[in-house]
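K.L.:
Got a structure for you, questions after.
The values are calculated or read from the model by the stated rules, or taken from the named source; none is laboratory data. Keep in mind that what you see is a predicted model, and the values were worked out from it rather than measured. Neighbour counts run over all protein chains shown; Cβ positions are idealised from the backbone, glycine included.
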Amino acid sequence: MSVTVSIPYFGTSRYVCRAVESILAQTHQELCVVVVNDGDANPPWAELAHILDPRLVRFSLMRNRGCYFVHQVVLKASPTLYFLVQDSDDWSLPNRVSTLLTRLRRDRSDFAFSAWQQHREDKDGNLRPHFIRWLQKEAEPIDPQEPPLFDPLLTDNFVHRASHHGLFRRKALERIGGYYGGFRIHYDTLLTNFLLMTGKVSFVDAPLYQYVIRGDSLSRGHATGPRSPERILVKKQLAAMYHEALHWYRACTKRQISRAELAKTICGLSCRFVTGEDRAAIALEASKLAMEIRCAAKVSGR
């Protein structure tokens, strides 16, 4: 199984089947697809009961931990060289994995992601196409009202420079401390900036990822949305970590420290807010999940 796919689940029963089926239908077939019920009292197993594909692994956490925690558990439990992120309310076009894998290998990069076709959901649950996000930055000035673009240039501004919905090399994630930094929201912004500092990021301008805009999601909900006190506090903490890392990144570009020293420093930063309880819980859950993945691999013959 060359690619492990992590799909955290919480409260998205209407969408999860589409998300999982879109991954299992990929033209690249060497997959281990892990759906993790992130402490939801109503797990999605009934919605997925008809799927008999042995590449699908079902796993549950006892309590809600957040998607970054889930990704870290799956990352530690899986043996594959490549790691893909998929939200349970979104879906992928059939050639998403193969295209990203080809680009990542061709460019010898550490992470590859694609443009998104965004969809808005109306009150009746119907979807209508919205704008395409993450297009290449052009030389001409960009209208501030246009969708965010992929711009890998690292500046003093702590901004969302790349989507974390993509394909990673395992070693690249491990080099920066993994996927979990002790936060439940907004950490992917720092994660992708860390990847830009320590390695190479590839971009595919085809909208291979289909993203659903929901008003009750973590990124838009009242409690954790852009203007919420929690997000403002987290963003301030992450920005401080970014600027500390940026200092050492610039020192590395001036050859004042080595790339290995930069990676070690960033790895230390990424663990700053990870508690001992977090580490123990991740290790325990990863060991249990690893057994499930090994059993699935035997059944599938991969």
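K.L.:
Among the residues of region 126-134, are any in contact with a strand residue (DSSP E or B) (Cβ under 6 Å, 6 or more places away or on another chain), buried (at least 17 other Cβ atoms within 10 Å of the Cβ) and at pLDDT 95 or above?
P.N.:
Within region 126-134 (the criterion being in contact with a strand residue (DSSP E or B) (Cβ under 6 Å, 6 or more places away or on another chain), buried (at least 17 other Cβ atoms within 10 Å of the Cβ) and at pLDDT 95 or above), the answer is no, since none of the residues qualifies.
K.L.:
Quick one: in region 192-216, which of the residues that are among the hydrophobic types (A, V, I, L, M, F, W, C) and under 15 Å from residue 87 (Cβ atoms) is modelled with the lowest pLDDT?
P.N.:
As a first pass, look at region 192-216 and keep what is among the hydrophobic types (A, V, I, L, M, F, W, C): 194-197, 201, 203-204, 206, 208, 212-213.
Now narrow it down to the ones that are under 15 Å from residue 87 (Cβ atoms): 208, 212-213.
Numbers: 208: 98, 212: 95, 213: 91.
Within region 192-216, the match that is modelled with the lowest pLDDT is 213.
K.L.:
Restricting attention to region 1-52, report how many residues are assigned to a loop (DSSP other than H, G, I, E, B), closer than 19 Å to residue 68 by Cβ and hydrophobic (A, V, I, L, M, F, W, C).
P.N.:
The number of residues fulfilling the criteria is 1.
K.L.:
Name the helices (runs of 4 or more DSSP H) wholly inside region 183-302 in which the number of residues that are loosely packed, with under 15 Cβ neighbours inside 10 Å is 3 or more. Steps first, answer last, please.
P.N.:
On the way: elements: 187-198, 229-253, 259-270, 276-300.
So the answer is 229-253, 259-270, 276-300.
K.L.:
Something else now. Residue pairs, Cβ under 8 Å, 6 or more apart or interchain, first in region 87-105 and closer than 14 Å to residue 169 by Cβ, second buried (at least 20 other Cβ atoms within 10 Å of the Cβ) and among the basic types (Lys, Arg). List them.
P.N.:
104/169
K.L.:
Right, something else. Within the bounds of region 7-25, is there any residue that is surrounded by fewer than 24 Cβ atoms within 10 Å (Cβ to Cβ) and in contact with a helix residue (DSSP H, G or I) (Cβ under 7 Å, 6 or more places away or on another chain)?
P.N.:
Scanning region 7-25, I find no residue that is surrounded by fewer than 24 Cβ atoms within 10 Å (Cβ to Cβ) and in contact with a helix residue (DSSP H, G or I) (Cβ under 7 Å, 6 or more places away or on another chain), so the answer is no.
K.L.:
Continuing with this model, one more query. Here are the criteria: (1) within 30 Å of residue 96 (Cα to Cα); (2) modelled with pLDDT of 90 or more; (3) of a type outside the set (Lys, Arg). Tell me which single one residue 219 does not satisfy.
P.N.:
Failed condition: (2).
K.L.:
Just the residues that are of a type outside the set (A, V, I, L, M) and either without any contact (Cβ under 8 Å) to a residue 40 or more places away in the chain or surrounded by 20 or more Cβ atoms within 10 Å (Cβ to Cβ) (or both), please, taken from region 67-86.
P.N.:
Start the filter on region 67-86 by keeping residues that are of a type outside the set (A, V, I, L, M), which leaves 67-69, 71-72, 76, 78-80, 82-83, 86.
Passing the criteria: 67, 68, 69, 71, 72, 78, 82, 83, 86.
K.L.:
Quick test for you: out of 83, 69, pick the one residue that is under 19 Å from residue 209 (Cβ atoms) and in contact with a Phe, Trp or Tyr (Cβ under 6 Å, 6 or more places away or on another chain).
P.N.:
83
K.L.:
To continue, here is another question. Take the residues in region 148-182 that are part of a loop (DSSP other than H, G, I, E, B) and without any contact (Cβ under 8 Å) to a residue 24 or more places away in the chain, then tell me which one is farthest from residue 226 (Cα to Cα).
P.N.:
Once the filter is applied, the top-ranked residue is 153.
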